[in-house]
Amino acid sequence: MDEVSRPKPADLGAYRWFLLFGIWLVYFCFGLVAASMAPLIPVIRAELGISNAGMGAILGAWPLVYIAAAIPCGVLLDRLPARWSLLVGSAVVGLSALLRGLSWDELSLFAAVGLFGVGGPLISVGAPKLTAKWFDGRDRGVAIGIYTTGPALGSAASLALMTSVLMPLFDQDWRMVMFANAGIAVAAGVAWFLLASHPLADPGSATEASRPAAFDPRTVLALLARPPVQVLLLMGVGIFLVNHGINNWLPEILRAKGLPAAEAGRWASLTQIVGIVGSLVVPRYAVAGRRLVLISLIFAGMAVAGLLLLLPAGQALVASLVLLGIARTSATAIVMLLLLDLPGIDRQRHGLLGGMFFVAAEIGGVLGPTTIGLLSDRSGGFSSSLWALSAIGVVLLVLAGLLARIGHRERPLPR
């Protein structure tokens, strides 16, 4: 289908918001399944005989696979019709949840969680691509803000409901909980497929979808040679290290502070809820000229949050969870704005640059849960892990200062 016959965002009218709901629903299930094991660590670990270090490796399995799968999945997204991309992603995510419930030992659980890293890129890379296709101008920003609440709400629902609602509902059988998550993920994919199959969606012809995407390794090397790109990719590693580490281990950290399992899950969901608000509010203030200051404040808050978690439960806990919630979504959004606003980089390279960011960032996604698991095994608690996470916040703050020193220039926003 050529550019003239393809419908523009305005041609879709209100229906594009139904399409956005479909994207949001799939992304919600992404967050639901991604966070589903964190509240159930003690039950799973006891039944399968897995150590904290082993569980940390399992929780980091899907970001490890994501690193290898991100670019191939990106190429596949350029070839698949839009309605199929998120359906396939949802199916793989659902299969990952199903296989978790069928796992019999540490290795089989590692493989089941790792499979999520194949479906994840199809959703996390496909969502912004489809949003950009069906929304433009100010509506695009609104749409991005809306769909990014999906995984945060999914994670919050998982942390808050796994032990307090779903486990009692299924007679404390964690495997049945995983099967339920699988069914929800597949149902969301089918709902999306039906919405995107409507004639108004017109997701594109097979000819258009089959065109291979251009990929030149020399372009990657040229981008990596730029110092600002290097610094921003390192920031991505640090941000995801803290985010994935906290997201996967926070309920267990809170239980170690003496909170009951259900209460720990509810408290942990606070970071997700604050993150939802943060993703809608904080990026609005990240205008050109203020982003470095704003990201520096977020990194400082991240460092302080780790230290506050060392204190007994109370007001310090609330402050820590709020700071972590703000950092959870806002830090990534602002670093992406800084990255895509680097001068001298063609806009046609923004997709590649974004892919490079997520590949680098998911290295931190692997290191986060794995590091916390190893440190907790060696020290017999989580104090050393929290000190390490605070240290990462300080390192990120130093990187922000380095970015300012090497001459990062932000293009002012058009009036």
Tell me whether region 127-145 contains one or more residues that are open to solvent by less than 10 Å² (accessible area, probe 1.4 Å), among the β-branched types (V, I, T) and within 22 Å of the chain's Cα centre (by Cα).
yes
Quick count over region 316-335, residues being surrounded by fewer than 20 Cβ atoms within 10 Å (Cβ to Cβ) and within 23 Å of G289 (Cα to Cα), is 1
Only one of L324, L297, L308, L337 is free of Cβ contacts under 8 Å to residues at least 60 places away in the same chain, of a type in the set (A, V, I, L, M) and closer than 19 Å to S385 by Cα. Can you tell me which?
L308
Selection from region 243-263 of residues modelled with pLDDT of 80 or more, under 18 Å from S36 (Cα atoms), open to solvent by less than 40 Å² (accessible area, probe 1.4 Å) and in contact with a helix residue (DSSP H, G or I) (Cβ under 7 Å, 6 or more places away or on another chain) yields N243, H244, G245, I246, W249, L250, P251, E252, L254
Just to check your reading of the model, which residue among L59, L109, L64, L98 is within 30 Å of P260 (Cβ to Cβ), surrounded by fewer than 22 Cβ atoms within 10 Å (Cβ to Cβ) and modelled with pLDDT of 80 or more?
L98
Do any residues in region 390-415 that are under 17 Å from I334 (Cα atoms) have Cβ atoms under 7 Å from those of residues that are modelled with pLDDT of 90 or more and open to solvent by 80 Å² or more (accessible area, probe 1.4 Å), where the two are at least six apart or on different chains, and which pairs are they?
L399/L234
Please tell me if V274 is within 20 Å of the chain's Cα centre (by Cα) and crowded, with 21+ Cβ neighbours inside 10 Å.
yes
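Of everything in region 158-172 that's without any contact (Cβ under 8 Å) to a residue 12 or more places away in the chain, among the hydrophobic types (A, V, I, L, M, F, W, C) and in a helix (DSSP H, G or I), which residue is nearest to W267 (Cα to Cα)? Walk me through how you get there before you give the answer.
Of the residues in region 158-172, the ones without any contact (Cβ under 8 Å) to a residue 12 or more places away in the chain are 165, 168-171.
This time we only want the ones that are among the hydrophobic types (A, V, I, L, M, F, W, C), so: 165, 169-170.
Adding the requirement that they be in a helix (DSSP H, G or I) leaves 165, 169.
On the way: V165: 15, L169: 21 Å.
The residue in question is V165.
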Filtering region 152-203 down to residues that are open to solvent by 70 Å² or more (accessible area, probe 1.4 Å) and of a type in the set (D, E) yields D171
Per the list (1) at pLDDT 85 or above; (2) more than 18 Å from the chain's Cα centre (by Cα); (3) within 24 Å of L64 (Cα to Cα), residue check on L221 breaks on (1)
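The values are calculated or read from the model by the stated rules, or taken from the named source; none is laboratory data. Here the structure is a predicted model, which is why all the values come from computation and not from measurement. As a convention, Cβ positions derive from the backbone with ideal geometry for all residues, glycine included, and neighbour counts pool all protein chains shown. Calculation scope for accessible area: heavy atoms of the full protein, side chains included, ligands and nucleic acids excluded. Shrake-Rupley method; radii C 1.70, N 1.55, O 1.52, S 1.80 Å.
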